[in-house]
1. I'd like the full set of residues that are polar (S, T, N, Q) and in contact (Cβ under 8 Å) with a residue 60 or more places away in the chain, limited to segment 500-540.
2. Could you give every pair whose Cβ atoms fall below 7 Å, whose first residue belongs to segment 379-403 and is at positive phi, and whose second residue is not in a strand (DSSP E or B), counting only separations of at least 6 or pairs across chains?
3. Can you find, within segment 130-139, the residue that is farthest from Asp232 (Cα to Cα) among those that are in contact (Cβ under 8 Å) with a residue 60 or more places away in the chain and not in a helix (DSSP H, G or I)?
4. Within the set of pairs 6+ apart or on separate chains, which have a first residue in segment 97-121 that is without any contact (Cβ under 8 Å) to a residue 60 or more places away in the chain, a second that is outside any helix (DSSP H, G or I) and surrounded by fewer than 19 Cβ atoms within 10 Å (Cβ to Cβ), and C-beta atoms under 7 Å apart?
5. How do the pairs read when you match residues in segment 422-438 that are farther than 16 Å from His405 by Cβ with residues anywhere that are assigned to a strand (DSSP E or B), using Cβ under 6 Å and keeping only pairs 6 or more apart or on different chains?
6. Quick check on this structure: which one of Tyr503, Tyr530, Tyr512 is surrounded by 23 or more Cβ atoms within 10 Å (Cβ to Cβ), farther than 20 Å from Ile300 by Cβ and aromatic (Phe, Trp, Tyr)?
7. Strands (runs of 3 or more DSSP E) wholly in segment 36-129 with at least 3 residues that are closer than 17 Å to Asp178 by Cβ - which ones?
8. Need at least 1 residues that are crowded, with 24+ Cβ neighbours inside 10 Å per element, so show me which helices (runs of 4 or more DSSP H) inside segment 164-259 make the cut, counting only ones lying wholly within it.
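The values are calculated or read from the model by the stated rules, or taken from the named source; none is laboratory data. These figures come from a predicted structure and were not determined experimentally. Heads up, the Cβs are rebuilt from the backbone with ideal geometry, glycines too, and the neighbour counts pull from every protein chain shown.
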Amino acid sequence: MTKHTIKGGHSEKAMQEKAGARFKDVFLNMPHEVSLVLITDSVRNEPYNRAAREVIHAIRKMTPKILLREYDLDHEMAKTWNVTVSPTLLFNPDHYAIRWLGAPVGEEARTFAEALIMMGYGETGISEDSRKVLDKITEPRQVTVFVSPTCPYCPQQAVNAFKAAIEKPGIISLEIVDVQANPATADRYGAHSVPQVFADDILIAQGAQPEELFMASLEQLEQQTVFIPESDAAEVETDLVIVGGGPAGLTAGIYAVRSGLRAVIIEKGLLGGQVATTPVVENYPGLTHVGGKALVDIMISHALEYTSIFPGEDVMDIIPGTPTEVITSRRRFTTQAVLLATGAVYRHLGIEGESRLAGHGISYCSTCDGPLFTGKKVIVAGGGNSAVTEALHLHHIGVDVTLVHRRDTLRAQEQLIQNLHDNNIPILFNTEIRKIRGEKVVAAVELYNNKTDETTTMNVNGVFIAIGYEPSVELAKKLGVELTTDGYINHDGRHRTSVPGIYSAGDVEGGYKQIVIAAAKGSEAALAIYEDLMNPYWKI
């Protein structure tokens, strides 16, 4: 047996020739011409100039549909297209804003071929989900993809970028940058690994992504790790509607479907709830140290294996009955049961300047806004786990932070308090923020010491408020669900509320605000609902 022989008696060489013939047919049958412009400079990057020519000429031998013009870097046309790098390859420059800085060789020859085929056939083949995301992009995007000829993962990202630029030629412009041919450009962006994607000079992706995640990252201008398809259904029939996409709701969705129920999750805000904005989680079993967003992504990905999630939808009304109707801002659900896992929202200080300067130096999320205050002075209000975690996170990203607490001791866990002391973060005990000052942005806070009765002013650039949460019980009140004296949903041991068929789980029930507890309550509620739907307690 020779080294070319494989099972069935065909040689690898013969297989390659057959594949090459099919490839040639694809190029030969393209209905549209593709115009290429190659701009080179005989002084700079000559090996890449030569390689680019060779690749283009090799494909042109397969089809007359590939047209080529070549100009010197000093030519007037190069100046017209604002080309300053050799080699630069332009694709249908009269229609697209797409250019390749370098030579499409090695692994990237695949990207080049796919791009030509997409343009030649006038079809990108993007999924309907990707198209829906692209349709949301109405403002111009300048996309830069850093690739290398030796990177097997780069073609996937580069092809994704080509699809976006071809689909939206008036909106999305694209540069593919070969880091080997253009090390200075890679250094300027800090792109020292490939593939990396920037949009409007913002890093939006590292590593290869599925097409839909790439489009979502481009639309959101930050890397997305979970893609949730949109639904056009006007009406959805299910067994259980879960309102809330935090740990309780996501876990309930998993357990409900595994029990045999059809279940959907509706979330009007941020999936994952408060966890998504928690800098670091260190007490979730099995994960000693994990970012809140990373933990949420794991939960969402797991839930999506079982149930449908409807993000960005606000539940407007719930009409109990047989079946119960759930009306959202986008559609109507009919269901046998509803689980309220609506969680809790940030509690406000309710002082002068807080609402006026919200978003202008006042924040409730250090993960979201902390980097804006690097090198600046802020205070964190609160004395529990959340406040201490926020203070530690701000300190570690270079913010000058002071913790302010109205009592004489902190309520946080001992480990967190020890970390606070180990990092020499100042704490002002027995101190309340009475007023937040500033014209357009936070400039100072008025502090009152409730032990000495003294009032002082501290100049600060920001105020981070972490004093607990208020339960989100608007829907519960609308349904007439009984609440506790603390304002949380009152429920029995099986998470049943006072309204038959309506259940609750998670932080909206009160108790310890811990991720693991919320998840446990979600699983408990789902199992109880399954058993109740098999033998409805309200019919006994």
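1. Passing the criteria: Ser504, Gln514, Ser523.
2. What qualifies is Gly382/His405; Gly382/Ala466; Gly382/Ile467; Gly398/Thr374; Gly398/Gly375.
3. If we take residues in segment 130-139 being in contact (Cβ under 8 Å) with a residue 60 or more places away in the chain and not in a helix (DSSP H, G or I), then Ile137 is farthest from Asp232 (Cα to Cα).
4. Gly106/Thr150; Glu107/Thr150; Glu107/Pro152
5. Listed by first residue and then by second, the contacts come to Lys435/Glu352; Lys435/Glu446; Ile436/Val445; Ile436/Val463; Arg437/Ala444.
6. The match here is Tyr503.
7. Qualifying strands (runs of 3 or more DSSP E): 88-91, 98-101.
8. By residue number, 211-220, 247-259.
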